[in-house]
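These notes concern the structure reproduced below.
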Amino acid sequence: MASASASKRAESKAPGPKHNIEAMRQAYYERIAKHDMTPLWKVMKNVVTKEPLTRCAPVIWHYDDIKRLVMESGALITAEEAERRVLILENPGMRGESKATNTLFAGVQMILPGEVAPAHRHVSSAIRFVLDGEGAYTAVEGEKAYMSPGDFVITANWAPHDHGNTSHKPMLWLDVLDFPQVNFFETSFAEQFATATQPTSRADGDSLSFYASGVLPDGAPAALNRSPVINYTYARTRPIIERMMKAGDVDKRHGARVRYANPINGGPVLPTMGANLALFPKGFKGEKYRATDGTIFVCAEGEGATTVDGKVLEWGPNDVFVVPPWKHYSHRVGKESVLFSISDRPAQEALGIWREDTPSH
Ligand code: GTQ
Ligand code: FE2
């Protein structure tokens, strides 16, 4: 279209015989290349496509493999030596790039009894979703949160954080960070602290109690682009989706689902990443859906299957799987099941580029 009319104009204005035009164009491209210029009409597909194109593939990591392989790393390197003992879950469509989706990093971190992962901070925000263990902690901005499976923990941009395990069991959790987004903008900064653990100024659970109960501390800020809550515990959130299901509030695609919210403004927990927890009633067979945010799912309870772009991913407890941007997917379960999910939707919405495709709604 644009390139066809462009070439017509070029033909009508071009001097010399018609068969020369290709040679003349080629010579022209070579001349402008020396000035670091290139014709848009030759590379239009680099910049505009009719629909989203992605290198991100649908993929699942089963927890039996994750746990076995992560546990092996415990004998090879300490948390302190590694700084963070994490196995990166790399999307097979983007190996070598430390990405689970185009915009999200995912990894599984393990802290063994007695270990400390030393205090540091960085521009990238992180979330943790606890998979295994009980009673290890993460300290974030002066609050030490002891964690249990299903807890959803936030480490915002530049928040100091260190982890430790004072329990007798290994603790494993899923880390999701916005590294690909920060690095896309080339804005990565980081620093380590002189001491391995940070001093605490608040009690475990203070931020959840202060901010997530319908009241706010007097003088709480009127605007905040990340949630002040450190740990959204499973013990608090799980009964809410149960109630939603009992109230009949079950979405045909997403089940009985809540969005983790920033209690200051109802917005996402972080500007770059947003998370949900969904309960699927026994026998749920979801309708097809797609949206432009690539999503990482974790099974918190139960078992089921998600069909992504025609590929069936069968999941059980603690399995992690990826739905790429703009691929159709649908969930189905046998028994009642719970999925945690996280995506870059807030970043896309802030930029005005998020879209969903949901014909039946
Ligand atoms: O726990 O602080 O998976 O800084 C990657 C980078 C975890 C962390 C990761 C990190 C951390
Ligand atoms: Fe970190």
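Before moving on, here are some points about what is shown:
- Any hit, segment 14-21, residues being at pLDDT 65 or above, open to solvent by 100 Å² or more (accessible area, probe 1.4 Å) and under 30 Å from Thr292 (Cα atoms): no
- Whenever a residue of segment 292-316 is on the phi > 0 side of the Ramachandran plot, its partners that are open to solvent by 10 Å² or more (accessible area, probe 1.4 Å) and of a type in the set (Asp, Glu), lying with C-beta atoms within less than 7 angstrom and at least six residues away or across chains, give the pairs Gly302/Glu336.
- Residues (of a type in the set (A, V, I, L, M, F, W, C), touching a residue at least 60 places away in the same chain (Cβ under 8 Å) and surrounded by 18 or more Cβ atoms within 10 Å (Cβ to Cβ)) located in segment 213-270: Val229, Ile230, Ile241, Val269, Leu270
- Inclusion of Lys169 among residues that are within 22 Å of Glu80 (Cβ to Cβ), open to solvent by 30 Å² or more (accessible area, probe 1.4 Å) and not in a loop (DSSP other than H, G, I, E, B) is not warranted.
- Across segment 37-67, the number of residues qualifying as closer than 30 Å to Leu112 by Cα and open to solvent by 60 Å² or more (accessible area, probe 1.4 Å) comes to 4.
- Strands (runs of 3 or more DSSP E) completely within segment 314-354 that count 2 or more residues being among the β-branched types (Val, Ile, Thr) and open to solvent by less than 70 Å² (accessible area, probe 1.4 Å): 320-323, 337-343
- Taking first residues from segment 323-337 that are farther than 13 Å from His254 by Cβ and partners that are among the hydrophobic types (A, V, I, L, M, F, W, C) and part of a loop (DSSP other than H, G, I, E, B), the Cβ contacts under 6 Å between residues at least 6 apart in sequence or on separate chains come to Pro324/Cys56.
- Segment 117-135, residues that are over 17 Å from Ile342 (Cβ atoms) and within 12 Å of ligand 1 (Cβ to nearest atom): Ala117, Pro118, Ala119, His120, Arg121, His122, Val123
- Scan of segment 161-187 for residues that are touching a strand residue (DSSP E or B) at 6+ places or on another chain (Cβ under 9 Å) and farther than 25 Å from Ser73 by Cβ, ordered by number: Val182
- Exclusive hit being within 26 Å of the chain's Cα centre (by Cα) and either under 25 Å from Thr101 (Cβ atoms) or modelled with pLDDT under 95 (or both), set Asp204, Asp251: Asp251
- Taken over segment 220-255, the criterion of being touching an Asp or Glu at 6+ places or on another chain (Cβ under 6 Å) and under 20 Å from Cys299 (Cα atoms) is satisfied by Asn231, Thr233, Tyr234, Lys252, Arg253.
- Scan of segment 125-156 for residues that are of a type in the set (Asp, Glu) and either within 11 Å of ligand 2 (Cβ to nearest atom) or open to solvent by 20 Å² or more (accessible area, probe 1.4 Å) (or both), ordered by number: Asp132, Glu134, Glu141
- Meets criteria (near ligand 1 (Cβ under 10 Å from one of its atoms), closer than 18 Å to Thr272 by Cα and under 22 Å from the mean Cα position of the chain (by Cα)) for His161: no
- Just one of (1) β-branched (Val, Ile, Thr); (2) out of contact with any Leu (no Cβ under 9 Å at 6 or more places or on another chain); (3) touching a residue at least 40 places away in the same chain (Cβ under 8 Å) fails for Val176. It is (2).
- Identity of the residue in segment 172-208, more than 16 Å from ligand 2 (Cβ to nearest atom) and acidic (Asp, Glu), that ends up most open to solvent (accessible area, probe 1.4 Å): Glu186
- Once segment 68-124 is narrowed to residues that are more than 16 Å from ligand 2 (Cβ to nearest atom), part of a loop (DSSP other than H, G, I, E, B) and of a type in the set (S, T, N, Q), the residue that is surrounded by the fewest Cβ atoms within 10 Å (Cβ to Cβ) is Thr78.
The values are calculated or read from the model by the stated rules, or taken from the named source; none is laboratory data. Quick caveat: nothing in here was measured; it's all calculated off a predicted structure. Positions of Cβ are backbone-derived with ideal geometry, glycine not excepted, and every protein chain shown enters the neighbour counts. Please note that ligands, DNA and RNA were not included when accessible areas were found on the heavy atoms of the full protein model with its side chains. Shrake-Rupley method; radii C 1.70, N 1.55, O 1.52, S 1.80 Å.
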